[in-house]
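Take a look at the structure below.
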Amino acid sequence: MIPRVRTYVQGLDEILYGGVPERSVVLLSGGPGTGKSILGRQFLYNGLRRGETGVFVALEEHPVAVRRSFRHFGWDISQYEREGKFAIVDAFTGGVGSAAQRERYLVKQVDDVYELSDVLRQAIRDIGARRVVVDSVSTLYLTKPAVARATIMTLKRVIAGLGCTAFFVSQVSVGERGFGGPGVEHAVDGIIRLDLDEIDGKLHRSIIVWKMRDTKHSMLRHPMEIKDSGIEVMWDRYLKIVGSTVKIEPISKEEVEAMRKAVEEVEKQPAQRKVEIEVED
């Protein structure tokens, strides 16, 4: 059985048939307000609670704002940061401001992916990280799409080479059905698409696993909600949109049972021991 990393996000592991294959880089794609950043933070915090260290790469927010956004959902990361189990890589401020100068992991040239990868490598090694979230990776290539694939692959070599599993947040415009560009879509191991559709004057949230290497996954669009405790996926139902009509239908009993069994099988797996393997740049 392929080793998997449980997200512990309610309903997400079921539609992934157990979780994300270990060492995968998964793109969380969607428009504004769809819950991409929340899902990334939830993935990290759920790992921290279960002894899996993590790194958050801040490309679009000040690290102070990142810590505040975790607390909004009751996810207190301060203790894990003090204990050396969680780290933020500041690739936003460039070291400008007194608060930024106190950050341990600082990228001075925020558009230099090679400096970023070096700082990220150091953070992963220092805390023995198992999970990484980059928010938002689109920032690195929005103005220069020709280098998108090379940018993704540079970060992927570091992350997968050091035994981590990662979520890359990818921004798309409202109404756009892409994922972040052809170079990006083919470079990553998986794509999870989050959507917020206005139908007949009402907004509907949904999530679909567009691709995931080395694993079976649901081929349906599932309803999801953002609650005070984070994202919840209605894994045993799917969203059916026909014109201006939205229906939430139950999935087959056979598929429900297969998903449930897959998660149970992963729960029986022994904890994976991290083996650090550095790759050549």
Filter the stretch 115-142 for residues that are in contact with an Asp or Glu (Cβ under 8 Å, 6 or more places away or on another chain), of a type outside the set (Lys, Arg) and part of a helix (DSSP H, G or I); the one that is most open to solvent (accessible area, probe 1.4 Å) is Thr139
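Return the only residue of Glu280, Glu264 being open to solvent by 40 Å² or more (accessible area, probe 1.4 Å), outside any strand (DSSP E or B) and modelled with pLDDT of 95 or more.
Values: Glu280 fails: modelled with pLDDT of 95 or more.
Testing whether each residue is open to solvent by 40 Å² or more (accessible area, probe 1.4 Å), outside any strand (DSSP E or B) and modelled with pLDDT of 95 or more leaves just Glu264.
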Does Val66 meet the test of being assigned to a helix (DSSP H, G or I), under 18 Å from the mean Cα position of the chain (by Cα), surrounded by 15 or more Cβ atoms within 10 Å (Cβ to Cβ) and of a type in the set (A, V, I, L, M, F, W, C)? yes
Across the stretch 84-139, the tally of residues that are within 16 Å of the chain's Cα centre (by Cα) and among the acidic types (Asp, Glu) stands at 1
When you scan the stretch 177-188, do you find a residue that is out of contact with any Ser or Thr (no Cβ under 8 Å at 6 or more places or on another chain), at pLDDT below 95 and of a type in the set (Lys, Arg), even just one? yes
Going through the stretch 82-112 one residue at a time, which ones are open to solvent by 20 Å² or more (accessible area, probe 1.4 Å), in a helix (DSSP H, G or I) and in contact (Cβ under 8 Å) with a residue 12 or more places away in the chain? Ala99
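Would you check which residues across the stretch 70-80 are in contact with a helix residue (DSSP H, G or I) (Cβ under 8 Å, 6 or more places away or on another chain) and either in a helix (DSSP H, G or I) or within 22 Å of Glu115 (Cα to Cα) (or both) and list them?
Passing the criteria: Phe70, Ser78, Tyr80.
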Which numbered condition Ala146 fails, given (1) out of contact with any Asp or Glu (no Cβ under 9 Å at 6 or more places or on another chain); (2) more than 23 Å from Asp214 (Cα to Cα); (3) buried (at least 23 other Cβ atoms within 10 Å of the Cβ): (3)
Out of everything in the stretch 1-39 that is in contact with a Leu (Cβ under 7 Å, 6 or more places away or on another chain) and among the hydrophobic types (A, V, I, L, M, F, W, C), what residue ends up being surrounded by the fewest Cβ atoms within 10 Å (Cβ to Cβ)? Val9
Cβ pairs under 8 Å, 6+ apart or interchain, first in the stretch 201-212 and farther than 17 Å from Val184 by Cβ and at pLDDT 95 or above, second open to solvent by 20 Å² or more (accessible area, probe 1.4 Å) and not in a strand (DSSP E or B), ordered by first then second residue, are Ser206/Arg221; Ile207/Arg221; Ile208/Leu220; Ile208/Arg221
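The values are calculated or read from the model by the stated rules, or taken from the named source; none is laboratory data. Small disclaimer: the values here were computed from a predicted structure and weren't measured. Cβ atoms come from the backbone with ideal geometry, glycine included; neighbour counts cover every protein chain shown. Only protein heavy atoms, including side chains, enter the accessible area calculation; ligands, DNA and RNA are left aside. Shrake-Rupley method; radii C 1.70, N 1.55, O 1.52, S 1.80 Å.
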